[in-house]
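Right, I'll just put the structure down here and ask away after.
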Amino acid sequence: MNQQYPIYTVPAECHDCYKCVRHCPVKAIRIENGHASVLPNRCVACGHCVKICPSHAKRIRDDLPRVRVLLQQKNPVYVSIAPSWAGVFPSWKKSQLIGTLRRLGFAGVSETALGAQEVSAAVAEDLAKLSHSVFLSSACPVVVDYVRTYFPQYVGLIAPIGSPAMTHAKLLKKTFGEEIGIVFIGPCAAKKNEADRHPELIDAALTFDELRKWLREEELDPAELAENEEEHFVPYDANEGAIYPLEGGMPETIRRCGCPENAQLLSISGIPQLEEALEKQMESKDLYRHDTGPVFVECLACPGGCINGPGASSRVSGLVAASGVLANVNYRETAKRPPQVRVPYKLSPGEFRAESVSADAMRRALERVGKTTPDDELNCGGCGYDSCRDFAAALIRGDAEPSMCVSWMRQMALRKANALLRCMPAGVVIVDSDLKIIESNKVFAEIFGDGEELVDLFHEFPGLEGTFIDSILPACKKLFLAALRSGKDVRREHFPVGKILVDIAVFTIDPGKVVGAIVQDVTRTDMRRNQIARRAQEVISRNISVVQEIACRLGEHMADTEILLNSIAEGFRSDPDEEDGVGVGKMDGKLSDHGTSKKSAESIESPINPLGLKGYEDDIPPLDGMK
């Protein structure tokens with residue numbers, strides 16, 4: 001679990017809004033497939049993305065399981081509670097907080113403000129040894145990582161003293177033994193990084209939100225516990241160190257610890273303000289004047305101080321939280337003394353280095369999002385980056401996607417829509433709730449234009465924008481109104497509009513506000529269909545006539561054939577008394593002695609002349625026995 005970076009994204013909850021990119025002060029976000037992920041090598045764990053994520057996809061690592069295991073394996077375990085608790089939980093009394101944490105299994109509760117007082121004493125001691133120089137505070141782990149990563153040239157300006165939490169942990173180990181366990185609880189997500197890097201001092205770090213979760217699971221409410229005067233912070237209560245969570249709190253404690261009178265104690269809160277100071281003011285000669293003393297700058301990542309940390313999620317306003325913190329401060333008359341505990345803090349530059357981008361690579365990246373000229377670079381910030389060139393550099397690194405460019409996506413959408421409208425063979429029109437045309441294509445104007453009048457109007461007022469639809473399609477007004485009121489599609493086929501017939505489909509774009517329609521002129525199609533039907537009917541009629549005529553002729557032919565066959569059958573009747581099977585016919589009404597007429601006998605004696613040609617029989621030789 002400890003290997004997971006303190007800030008992470010739940011992909012299923014990320015809805016590609018890019019809000020984290022817009023608000024991340026170091027752009028340590030990578031967008032892949034519309035989802036944002038944190039880049040640990042560039043993130044400073046300020047947790048701002050956690051606070052502003054609308055879908056709560058950005059999370060702070062949950063170390064509760066680790067702390068529960070620690071309580072079972074290590075004894076005793078002490079809590080180092082950040083002094084901002086008094087502002088975040090204004091309804092809790094000191095004894096109620098301590099009693100609740102002891103019920104959770106901790107041996108004792110101590111204020112991190114004790115470590116803050118030691119840090120202030122150490123800084124005051126160091127400032128007294130310098131004639132002039134510039135120091136940056138090391139109390140905020142976000143600031144430390146920010147300087148190390150993005151302004152490594154100024155690492156040497158960070159005070160070489162461990163943070164109040166680290167110093168407090170060392171103080172507790174000095175008091176109760178090196179073997180004790182220590183859990184820091186506060187509003188800071190970056191303290192988890194500090195605990196991970198210094199396990200010899202801090203075993204784990206929890207946020208106030210994790211403490212709330214733990215109390216809900218255990219069904220504990222500190223506000224319901226009876227106050228007990230015997231419950232107290234160990235080894236003793238803190239004093240002015242309790243104002244550390246407020247902007248200007250550290251300079252105030254350093255001043256009370258007896259820093260040089262000529263020392264300048266300044267404060268900066270917020271990463272953007274710190275960035276400006278590091279970029280423009282750190283090298284200013286006015287900060288290194290020999291006629292002034294040393295300059296110490298309290299640097300806080302959260303605007304207003306730690307009371308606005310990402311792990312606080314306080315339900316009270318900043319003013320109420322600040323008032324709660326101040327009410328818990330017990331000032332001493334004097335805090336001048338040497339530090340009892342000092343944690344040496346040697347820092348080195350971070351590992352991340354931004355790669356330089358060549359001019360050619362920059363040009364190609366800009367062209368990917370339609371930026372071909374300087375005028376195309378709007379620097380609108382819609383993508384989350386400060387300029388189009390910063391966005392192009394992110395494209396080159398693989399941290400961004402072209403779809404993040406709002407202006408380019410809008411242009412692409414318009415181009416696609418215009419291409420579709422221009423190339424569609426049907427008429428298209430979009431109207432608003434007042435029945436005014438928002439946009440239409442040229443085909444629409446051509447369908448309903450009387451001559452070239454409407455087409456000319458289309459060119460004069462592109463898309464016929466602002467024209468009332470009922471001035472062009474009065475017959476279709478009810479269709480558009482019906483779609484606007486019902487939110488459902490309305491379709492009509494062969495709908496008469498003036499002298500033409502149309503197929504029209506009215507569909508909803510924005511319910512009750514915008515509808516569109518696709519219109520097709522089917523007049524010619526309908527006429528052609530009628531012509532085809534009429535010609536088909538004519539062909540069918542002619543075919544029926546021909547069939548009837550053929551049937552009639554076939555009937556006559558069959559009748560003639562029947563008569564002919566009947567006559568032939570009558571002419572040849574069989575005689576049952578004839579042995580040789582030769583039928584006896586009635587020829588001329590006379591019979592020969594042998595049942596055959598003379599004419600028939602002659603026919604038998606002579607070969608048949610099938611063609612009735614003279615001389616045919618002369619060519620045929622006589623049969624044997626015949627003369």
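The values are calculated or read from the model by the stated rules, or taken from the named source; none is laboratory data. Small disclaimer: the values here were computed from a predicted structure and weren't measured. Using ideal geometry, Cβ is built from the backbone for each residue, glycine included, and neighbour counts are taken over all protein chains shown. Protein only, heavy atoms only, side chains kept; ligands, DNA and RNA dropped before computing areas. Shrake-Rupley method; radii C 1.70, N 1.55, O 1.52, S 1.80 Å.
Send over a whole-number figure in Å² for the accessible area per residue of the stretch 334-429, probe 1.4 Å.
In whole numbers, the stretch 334-429 has 62 Å² accessible per residue.
Now for a separate question. For the stretch 15-165, what log10 I(q)/I(0) values come out of the Debye formula at q = 0.09 1/Å, with one point per alpha carbon and no solvent?
-0.46
Moving on to the next point. Would you mind checking which residues have amide H under 5 Å from N441's amide H? H placed 1.01 Å from N; only 5 or more apart, or other chain.
V428
Would you kindly calculate the mean projected area, averaged across all directions, of the convex hull enclosing the Cα atoms of the stretch 465-515, in square nanometres? Can you show the working numbers first?
Details: hull surface 14.2 nm².
One quarter of the hull surface, i.e. the mean projection, equals 3.6 nm².
Which pairs, out of K416/K499; K27/K191; K74/K94; K170/K346, put more than 27 Å between their alpha-carbon atoms?
Cα-Cα > 27 Å for K416/K499; rest within.
Any chance you could list P(r) for the stretch 368-456, counting all Cα-Cα pairs in 5 angstrom bins from zero, rounded to whole %?
3, 13, 16, 15, 11, 9, 10, 11, 7, 3, 2, 0
Let me make sure I get this right: for the stretch 210-364, a, b and c are the square roots of the gyration tensor eigenvalues over alpha carbons, sorted descending. Under 1.5 in a/c it's rounded, otherwise prolate if a/b > b/c, else oblate. Which is it?
oblate
Using the basic label-point model (7 angstrom from Cα toward the beta carbon), what is the E224 to R542 distance in nanometres?
10.0 nm
While we're on this one: Per residue, how big is the convex hull of the chain when only Cα atoms are used? Give it in Å³. Walk me through the numbers before you get to the answer.
Details: hull volume 288.1 nm³, N = 627.
Roughly 459 Å³ of hull volume per residue.
Pairing the Cα long axis of helix 141-150 with the longest principal axis of the chain, what angle in degrees results, from 0 to 90 and rounded to the nearest 10?
Roughly 70 degrees, rounded to the nearest 10.
Can you check how the C-alpha radius of gyration of the stretch 170-259 compares to 2.2 N^0.38 Å, as a plain ratio? All intermediate terms of the calculation are to be shown ahead of the outcome.
Values: Rg = 15.9 Å, N = 90, 2.2 N^0.38 = 12.2 Å.
The reported ratio for this selection is 1.31.
Given a 1.4 Å probe and every protein chain left where it sits, what share in percent of the accessible area of the chain is carbon and sulfur?
On the way: 18250 of 34920 Å².
Carbon and sulfur: 52 percent of the exposed surface of the chain.
Further, regarding this structure: For L484, what charge total do you get from the other residues with a beta carbon under 14 Å from its beta carbon, if Lys and Arg give +1 and Asp and Glu give -1? Can you show the working numbers first?
Working: positive: K436, K477, K478, R485, K488, K513; negative: D432, D434, D470, D489, D510.
Surrounding charge for L484 is +1.
If you place +1 on the Cβ of every Lys and Arg, -1 on the Cβ of every Asp and Glu, and leave all else neutral, what size is the dipole of the chain about its Cα centre, to the nearest 20 Debye? Numbers along the way, then the final one.
Details: 73 positive and 87 negative charges, 707 e Å.
It comes to approximately 3400 debye.
Whose amide H sits under 5 Å from the amide H of I161, counting only residues 5 or more places off or on another chain, with H placed in the peptide plane?
It is Y345, by chain and number.
Can I ask one more? Where the Cα atoms of the stretch 10-85 are projected onto their three principal axes, how long is each span, largest first, in whole Å?
For the stretch 10-85, the Cα spread along each principal axis is 47, 27, 24 Å.
Considering only F444, P65, T100, whose Cα is most displaced toward the positive end of the charge dipole of the chain, charges sitting on Cβ of Lys, Arg (+1) and Asp, Glu (-1)?
Toward the positive end, the furthest listed residue is T100.
For the chain, find the longest principal axis of its Cα atoms and tell me its angle to the long axis of helix 113-127, 0 to 90°, nearest 10.
The helix 113-127 is inclined about 70 degrees to the chain.
Roughly speaking, what is the stretch gain from E549 to F507, that is 0.36 nm per residue apart minus the C-alpha to C-alpha distance, in nm to one decimal? Provide the component values of the computation, followed by the final result.
Details: separation 42, 0.36 × 42 = 15.12 nm, distance 5.68 nm.
Length difference between fully extended and current span is 9.4 nm.
Across the chain, where is the longest run that never hits chymotrypsin sites (Phe, Trp or Tyr not before Pro) in a DSSP loop with at most 15 other C-beta atoms within 10 Å?
On the way: sites that count: Y236, Y331, F572, Y616.
Value returned for the longest uninterrupted segment is 332-571.
Where does the chain land at 222 nm, in deg cm²/dmol rounded to the nearest 500, when only DSSP H runs of n ≥ 4 count, each adding -39500 (n - 2.57), divided by all residues? Display every interim value, and only then the final one.
Values: 21 runs with 234 residues, N = 627.
My calculation for the chain gives -11500 deg cm²/dmol from helical runs alone.
Using the reciprocal of the averaged 1/r over all distinct C-alpha pairs, how large is the Kirkwood radius of the stretch 350-503 in Å? All intermediate terms of the calculation are to be shown ahead of the outcome.
Details: mean 1/r = 0.0524 Å⁻¹.
19.1 Å is the Kirkwood radius here.
Also: Based only on Cα atoms, what mean projected area does the convex hull of the stretch 275-401 have, in nm²? Don't jump to the answer; show the numbers that get you there.
Details: hull surface 59.9 nm².
Over all viewing directions, the stretch 275-401 projects a mean Cα-hull area of 15.0 nm².
Compute the distribution of all C-alpha to C-alpha distances in the stretch 95-208, in bins of 5 Å from 0, and list the percent of pairs in each, rounded to whole numbers.
2, 11, 18, 21, 20, 13, 8, 5, 2, 1, 0
Could you pull the Cα extents of the stretch 202-299 along its three principal axes, largest to smallest, in whole Å?
If we take the Cα atoms of the stretch 202-299, the spans are 59, 31, 24 Å.
V514 to R353: FRET efficiency via 1/(1 + (r/R0)^6), r the Cβ-Cβ distance, R0 35 Å, to the nearest 0.05?
Approximately 0.10, to the nearest 0.05.
Something else: At 1.4 Å probe size, with no ligands or nucleic acids counted, give the accessible surface of I568 in Å², nearest ten.
Accessible area of I568: about 90 Å².
Using each residue's phi in the stretch 461-473, evaluate 6.51 cos²θ - 1.76 cosθ + 1.60 at θ = phi - 60° and report the 3J(HN,Hα) Karplus result to the nearest Hz, with x for Gly and Pro.
Listing the rounded values in order: 10, x, x, 6, 4, x, 7, 6, 5, 6, 6, 9, 10 Hz.
Hey, another quick one. Just reorder C552, C46 by solvent-accessible area, largest first, 1.4 Å probe, all chains present.
Most to least solvent-accessible, the answer reads C552, C46.
In degrees from 0 to 90, rounded to the nearest 10, what is the angle of the helix 388-397 Cα long axis to the longest principal axis of the chain?
The two axes meet at around 80 degrees.
To the nearest 20 debye, what charge dipole does the stretch 249-350 have about its Cα centre, counting +1 at the Cβ of each Lys and Arg and -1 at the Cβ of each Asp and Glu?
With only Lys, Arg, Asp and Glu charged at Cβ, the dipole is about 500 debye.
Tell me the per residue accessible area of the stretch 1-93 using a 1.4 Å probe; a whole number in Å² is fine.
Working: 4160 Å² over 93 residues.
Normalised by residue count, the accessible surface of the stretch 1-93 is 45 Å².
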